[in-house]
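Written out below as structure tokens is the structure these notes cover.
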Amino acid sequence: MRGGVFVRKILIRDGEAVGVEAESGGTIFRVDAGRVVLSAGAIRSPHLLMLSGIGPEDQLRQFGITTVCHLPGVGQNLMNHLSTQMTFKVKDGITLAPHTDAVHFGLHYTAEGSDAVNDMLLRTSPVVDPRRERVPGVRTKYLTGNVPPDQVARISCTLGLPDGSGYVRLVSADPAVQPEFNYRYLQHPNDTRRVREGLRLAARLLESDAYKDVADHRIQPTDDILANDDALDLWMRQTVGSARHVSGTCKMGPDGDPMAVVDQYCRVKGVQGLSVADASVMPRIPRSGGSHATVIMIGERVVDWIAGN
Ligand SMILES: Cc1cc2nc3c(=O)[nH]c(=O)nc-3n(C[C@H](O)[C@H](O)[C@H](O)COP(=O)(O)OP(=O)(O)OC[C@H]3O[C@@H](n4cnc5c(N)ncnc54)[C@H](O)[C@@H]3O)c2cc1C
């Protein structure tokens, strides 16, 4: 066991993983192993596979990497939850919790016309958002006469189960050079539609009795933007934010799926002795909001399978 070690690639001989090439303290060395389990996360696991010759052949060829196994799905299907933030001015005289003490609550619901249950999430943050750049036009300083700054809170609209996905691609054959990635947010029409409708639902909730003692008025998106599909789509694209639930880039699937990278035991297809055990094997991002628990479960299952249980 040794920390501070950077893996450069997986070593493969006759179609079987036999160890890794690694670097530590400026020294490059090899570690031999009877089995390799890759858990480098959904950006770096596909990156390491590609550096090792496992991935889309055309991309590997472009960077002079010899193809060991052509798996076109490596680096595809990149997912991460996206959110848009509706902001509102909080009524004067109301004291909101500081960030650290905030209690978050959310509404999981199924979008109109969705075949997947609870594919959307609205969440109110009962905290003041002090970030000026997030809420243009908001007064963050005291005025003369001791008039306090505006208090702003938000309802975030999260797309729990996106239909669209992005990619991770090689930029170089040098392991030290980070790969390129793109979530391709809001490119799928059904994603745009559901977020648009989610924001309009949030606006209706904000005008309901539940918020009447707290919400003074909505700041963003404005009425003009909210009423117009094109303007709202543009606003969403300009303000969309990302979670940290990166997943999907070495997805699990049956042999009939040409984009599947691992089988139901997380073993890389076409290579012996090589598994992936992290968020990259998820065929679809978990809708619940977080990915941590699912990743732990994947790790525990792979340990069980390897132990032969
Ligand atoms: C700031 C933050 C907050 C989050 N909050 C939540 C939350 O509240 N709830 C929730 O459910 N989820 C949360 N998540 C998501 C959750 O942490 C991830 O889904 C989970 O950690 C993913 O696990 P993983 O094994 O796929 O990848 P990671 O946890 O990223 O593990 C990959 C590991 O591989 C290492 N590595 C990568 N490349 C190499 C290499 N070449 N050589 C050696 N080592 C390498 C990395 O250093 C890292 O330690 C959060 C994530 C972040 C970043």
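By how many nm would the segment from Val303 to Ser24 lengthen if fully extended, with 0.36 nm per residue of separation less the alpha-carbon distance?
Working: separation 279, 0.36 × 279 = 100.44 nm, distance 2.65 nm.
Stretched out fully, the Val303 to Ser24 stretch lengthens by 97.8 nm.
So, by mean Cβ neighbours within 10 angstrom, what's the order for 273-279, 261-267, 174-180 with the highest one leading? Walk me through the numbers on the way to the answer.
On the way: 273-279: 23.6, 261-267: 20.0, 174-180: 13.6.
Put in order of decreasing packing, that is 273-279, 261-267, 174-180.
Quick one: compute the contact order of the range 175-309, relative version, from alpha carbon pairs under 8 angstrom and 6+ residues apart, as a percent.
Numbers: 111 pairs, mean separation 20.3, N = 135.
For the range 175-309, the relative contact order is 15 percent.
For Ala173 and Arg35, what does the FRET efficiency come to when R0 = 30 Å and r is the distance between their Cβ atoms, rounded to the nearest 0.05? Please report the intermediate quantities before stating the final value.
Working: r = 25 Å, r/R0 = 0.84.
So, using R0 = 30 Å, E works out to roughly 0.75.
If you restrict to DSSP beta bridges whose two residues both lie in the chain, what percentage is antiparallel, to the nearest 5?
Roughly 85 percent of the beta bridges in the chain run antiparallel, per DSSP.
At Asp229 and Ser208, where each label point lies 7 Å from the Cα along Cα→Cβ, what is the point-to-point distance in nanometres?
Distance between label points: 2.6 nm.
Just for the Cα atoms in the range 179-237, what are the lengths along the principal axes, largest first, rounded to whole Å?
Sorted largest first, the three principal extents are 48, 25, 18 Å.
Assuming 0.36 nm per residue, please report the length gained on full extension of the stretch Asp216 to Thr110 beyond their Cα-Cα distance. Let's see the in-between values first.
Working: separation 106, 0.36 × 106 = 38.16 nm, distance 2.81 nm.
Result: 35.4 nm gained on full extension.
Give the value in nm², to one decimal: projected area of the alpha carbon convex hull of the range 173-287, averaged over all directions. All intermediate terms of the calculation are to be shown ahead of the outcome.
Values: hull surface 45.8 nm².
The number I arrive at for the range 173-287 is 11.4 nm².
List every residue whose amide H lies under 5 Å from the amide H of Leu38, counting only residues 5 or more places away in sequence or on a different chain, with H placed 1.01 Å from N in the peptide plane.
So Leu38 has HN proximity to Ser275, Val276, Ala277.
Can you give the relative contact order of the chain as a percent, counting alpha carbon pairs under 8 Å and 6+ residues apart?
Details: 647 pairs, mean separation 72.5, N = 309.
Over the chain, the number comes to 23 percent.
A short reminder: the numbers here are calculations on the coordinates, not readings from a lab. The model shown is predicted, which means the values in this text are computed figures rather than measured ones. For neighbour counting, all protein chains shown are included, and Cβ atoms are generated from backbone atoms with ideal geometry for every residue, glycine included.
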